[in-house]
Structures are given as C-alpha cells and as structure tokens.
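Note sheet for the following structure.
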Amino acid sequence: MSETAFEIVPAVETDEAPPHVGTLVLKFGGTSVADPEKIRRVAARLVAAKRAGGRVVGVVSAMGQHTDELVALAREVSPRPEPRELDMLISVGERVSCALVAMAISDLDQQAISLTGSQAGIVTDTVHGKAKIVEVRAPGLARIHQALDEDKIVLVAGFQGVSTDFNITTLGRGGSDTTAVALAAALSADACEIYTDVDGVFTADPRIVPDARKLHAVSYEEMLEMAASGARVLALRSVEFARNHGVKLHVRSTFTEETGTWITEEDERMLEKAMISGVTHTLEEAVYRVEGVDRADLFSALAEAPVSVDTIIQTDGPILFSAPVEDREQTAAVLERLGAKWNEQDGLGKVSVIGAGMKSHPGIAARTFATLRDLGLEPQLVATSPIKIAFYVPQDEVERAVKGLHDAFELSSADAERGHA
Ligand code: ASP
Ligand code: MG
C-alpha cells in the first residue's frame with residue numbers, strides 16, 4: 001500500500017463539514033478591550049471565529065477610556081487644540097489596542113496582522129473630528145484580502161482613516177462601529193458583529209426600566225431613529241452605512257455566548273407582531289430658540305459649520321431646533337455670527353417612541369398622548385417621523401415618561417422581543 005493513498009483517504013473523510021468560507025467582521029468596543037486580560041479574551045474569540053472556518057477581520061476601539069484621556073491630555077496642553085493634531089493624537093488609541101490584540105493572537109498560535117485605518121484603505125473627507133468615510137480604497141482592500149488568503153486574522157484600527165488630502169482623520173465618537181460596517185460592506189462580509197458590554201438593543205434603557213426586553217430584531221430605519229434619539233449602543237453613521245449597503249448587523253455581548261439583536265431589513269414581525277421597537281430617551285438636549293434670522297440662512301450656516309441639526313420644530317414665531325450637545329460651541333458661534341437673538345432652553349430631555357409598525361397602524365400617537373395625559377405630563381415640543389413620535393419634557397420627568405410609555409405599549413411582554421416564530 002502506498003503511503004500517499006493511505007494518507008489521502010482519511011484527509012478527505014474527516015473533512016465532512018463544509019468549510020465556512022464567508023467573511024466576518026467582528027468589532028469590539030472599548031470596555032471589551034479595557035485591560036490585558038480582556039484583550040486576551042478578545043483574541044481568543046477572534047481565533048475561535050477563525051477556527052470555525054471564516055475569514056476573520058477584527059476592528060477594535062481604544063482601550064477603556066483611552067480616547068477620553070487623550071482628549072483631556074490635549075486640553076491640558078492647549079485650550080483649543082488644532083483639529084488636525086487632535087486627530088493625529090486620538091487616532092493612536094485604536095492603534096494601541098489593535099496591535100495588542102494581534103500580539104495576543106500570535107500567542108494562540110494563529111497569525112494576525114494589525115493595520116491602521118489608512119493602511120486598510122479607509123479614505124475620508126477632510127472634516128477633522130467627524131470625518132465621513134468616502135471610500136475604502138482598492139490597495140487597502142487588496143492587502144486585507146491577501147492577509148486573509150494567507151490564513152491570517154486581520155485587525156483594523158477603528159475610528160480613523162486618511163483624508164482625501166492625506167491627513168489622519170477620526171470619524172466622531174463611537175466611530176469604530178462605522179469602520180467595522182464600512183469594511184463589512186467593502187469585503188461583502190456575511191455579517192458585522194458588534195461586541196459590546198450590553199446584551200443587545202433593548203425596548204428601553206434597562207437602568208430605567210428593569211423589565212425591558214432584549215429585542216431579537218430591529219429594522220435599519222428603527223435602529224437609525226433609536227441611535228439618533230439616545231440608544232448609545234451603535235454610532236448613528238454606522239447604521240446609516242449598514243442600511244445603505246445592506247450589511248447585516250448583530251449587536252451582542254462580549255462576555256456571553258448569547259445571541260444579541262439583529263439589525264436587518266424590515267419584516268412581518270416588526271410590522272404586525274410588535275409594532276413598537278422601543279422607547280428611547282436622552283437626558284441632555286440642546287434646544288435652541290432663535291429669532292431675527294432667515295430660516296434658510298440659519299440652516300445653511302449650521303450645515304457649513306458643520307452642525308447636524310437633529311429636530312426642527314415648526315412654529316409661527318421663533319425657530320426652534322435641537323443639535324448635538326457636543327456641537328454646542330460651534331452652534332453658538334454660528335448664531336452669534338448671524339447676529340441672531342437666541343437662547344438655549346435649559347433642562348430639557350427627550351423621549352421617543354419608535355416603531356416600524358406606526359406607518360400602517362393608526363392610534364400610536366393617540367395612545368402616546370393619552371398616556372402622557374394620564375401621567376400628568378405636558379410634552380413641550382413634539383417632533384415626528386413616519387416611525388417616531390418624539391417629545392421634550394423637563395429632565396426630571398423623563399424617567400416617568402419612559403416607564404409609562406413602556407407599560408402602555410406592553411413592551412415588557414414576550415411578544416415585544418420579536419423572536420422567531
Ligand atoms: N475610541 C473612540 C471613542 O471613544 C471610538 C470608538 O470607541 O468607537 O469614541
Ligand atoms: Mg460604541
């Protein structure tokens with residue numbers, strides 16, 4: 001019997017499970033890589049995904065509070081750091097964690113290579129501090145593919161890219177999510193898994209509503225509204241990107257094996273079974289009341305700043321709008337420059353009821369306002385979209401409104417989870 005024949009047969013016979021040839025992008029948030037022990041655990045998780053047969057790309061955030069520490073350090077040195085230099089500084093956090101994860105992977109006898117956003121081909125516009133990804137360039141992608149072909153795990157530093165004028169940029173807070181989704185789209189990955197310190201997306205913040213349910217599925221549109229209105233689990237832009245490119249997102253815990261929440265196209269469960277996906281809130285909202293300027297001038301000046309206006313309330317008199325709290329300085333500068341008469345409404349929080357089923361089921365607004373009336377709450381400003389009703393109340397009434405609405409829409413019931421039938 002020839003040696004070759006003897007060896008070939010068992011090799012073929014043991015290879016019964018079809019290999020998983022798809023690509024997976026796994027993203028780990030800052031709390032998941034907060035210390036050396038956790039970094040080793042993330043490495044093990046990536047290696048397990050690789051051994052299951054996939055082509056694996058890992059995207060990591062900076063360790064723990066590293067980004068905040070770097071920002072604070074910059075401010076200790078300079079009261080208003082140059083945006084270009086600030087990006088150069090804070091992009092370092094993700095390079096640190098990404099290199100450390102690659103080292104830990106090598107110790108598990110698996111090859112890995114870490115890349116900066118720029119090396120991975122992530123090209124952005126030129127807006128420092130909140131750059132938008134405009135392209136994932138071919139040479140970077142080719143490099144990733146080559147490493148994957150060589151059986152390596154590829155680590156990419158999240159939150160950063162290189163601008164069209166060759167400066168290092170960052171993508172805004174929480175931007176590693178966007179890196180992961182952009183890579184998943186560019187690599188046509190099967191899914192983008194977002195590993196974090198919570199179990200998924202909930203019907204409300206479990207710290208306020210202890211019996212809030214973990215949602216099994218949420219549509220892109222719902223997740224966009226949720227991310228824009230207080231659900232901090234995913235960066236807004238990453239959801240936008242996922243929707244535009246049809247990337248399936250799975251938000252799940254780093255610390256358990258459990259399924260989390262899938263973010264996908266809208267389906268029957270969302271439209272008929274559990275029409276409301278959740279009640280979100282924010283405790284701090286910057287709402288501006290402006291007089292003496294032209295609407296069009298105001299919003300184009302804000303857009304140029306750039307401040308992304310969230311809610312605009314139509315009134316006959318003053319212009320009312322809200323904008324991210326982080327953009328307070330820029331917003332004030334624009335209002336001053338235009339010579340507007342303005343003030344910021346203090347002490348307001350926002351509560352939003354969100355659900356894809358709203359489009360086809362009347363009565364959600366009726367139930368929302370009846371609930372508020374029963375609670376003795378007077379919503380101050382109301383803003384709606386086809387799948388959202390949002391309103392402002394004083395900060396100290398936010399909790400009561402969230403709890404009351406969560407009850408009114410029976411979001412603690414098993415049906416609210418939208419599990420598979
Ligand atoms: N490290 C960055 C931040 O803290 C980006 C991220 O975590 O996604 O915002
Ligand atoms: Mg995050």
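Tabulated data
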{"item": "Members of the range 46-85 that are free of Cβ contacts under 8 Å to residues at least 60 places away in the same chain and within 15 Å of ligand 1 (Cβ to nearest atom)", "result": "Met63, Gly64, Gln65, His66, Asp68, Glu69, Leu70, Val71, Ala72, Leu73, Ala74"}
{"item": "When residues of the range 177-224 are limited to those that are within 12 Å of the chain's Cα centre (by Cα), more than 16 Å from ligand 1 (Cβ to nearest atom) and outside any loop (DSSP other than H, G, I, E, B), the one nearest to Val279 (Cα to Cα)", "result": "Met223"}
{"item": "Which numbered condition Val59 fails, given (1) outside any helix (DSSP H, G or I); (2) farther than 19 Å from Ile144 by Cβ", "result": "(2)"}
{"item": "Residue within the range 361-368 that is open to solvent by less than 70 Å² (accessible area, probe 1.4 Å), among the charged types (D, E, K, R), farther than 21 Å from Ile263 by Cα and in a helix (DSSP H, G or I) present", "result": "no"}
{"item": "Odd one out for Val56, checked against (1) closer than 30 Å to Thr23 by Cα; (2) of a type outside the set (Lys, Arg); (3) over 22 Å from the mean Cα position of the chain (by Cα)", "result": "(3)"}
{"item": "Odd one out for Ser352, checked against (1) at pLDDT 95 or above; (2) in a helix (DSSP H, G or I)", "result": "(2)"}
{"item": "Candidate set from the range 290-326 (those that are touching a residue at least 12 places away in the same chain (Cβ under 8 Å), over 29 Å from the mean Cα position of the chain (by Cα) and outside any loop (DSSP other than H, G, I, E, B)); member that is surrounded by the most Cβ atoms within 10 Å (Cβ to Cβ)", "result": "Ile319"}
{"item": "Verdict on Gly129 being at positive phi, within 16 Å of ligand 2 (Cβ to nearest atom) and open to solvent by 30 Å² or more (accessible area, probe 1.4 Å)", "result": "no"}
{"item": "Close pairs from the range 203-232: first more than 16 Å from Gly419 (Cα to Cα) and touching a residue at least 24 places away in the same chain (Cβ under 8 Å), partner acidic (Asp, Glu) and within 16 Å of ligand 1 (Cβ to nearest atom), Cβ under 9 Å, at least 6 apart", "result": "Tyr220/Glu240"}
{"item": "Count of residues meeting criterion [part of a helix (DSSP H, G or I) and within 15 Å of ligand 1 (Cβ to nearest atom)] in the range 225-239", "result": "5"}
{"item": "One residue from Val279, Val233, Val251, Val239 being away from ligand 2 (no atom under 16 Å from the Cβ), aliphatic (A, V, I, L, M) and surrounded by 20 or more Cβ atoms within 10 Å (Cβ to Cβ)", "result": "Val279"}
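The values are calculated or read from the model by the stated rules, or taken from the named source; none is laboratory data. It should be emphasised that the depicted structure is a prediction, and the values quoted were computed from it without experimental measurement. Using ideal geometry, Cβ is built from the backbone for each residue, glycine included, and neighbour counts are taken over all protein chains shown. The accessibility values were calculated without ligands, DNA or RNA, using every heavy atom of the protein model including side chains. Shrake-Rupley method; radii C 1.70, N 1.55, O 1.52, S 1.80 Å.
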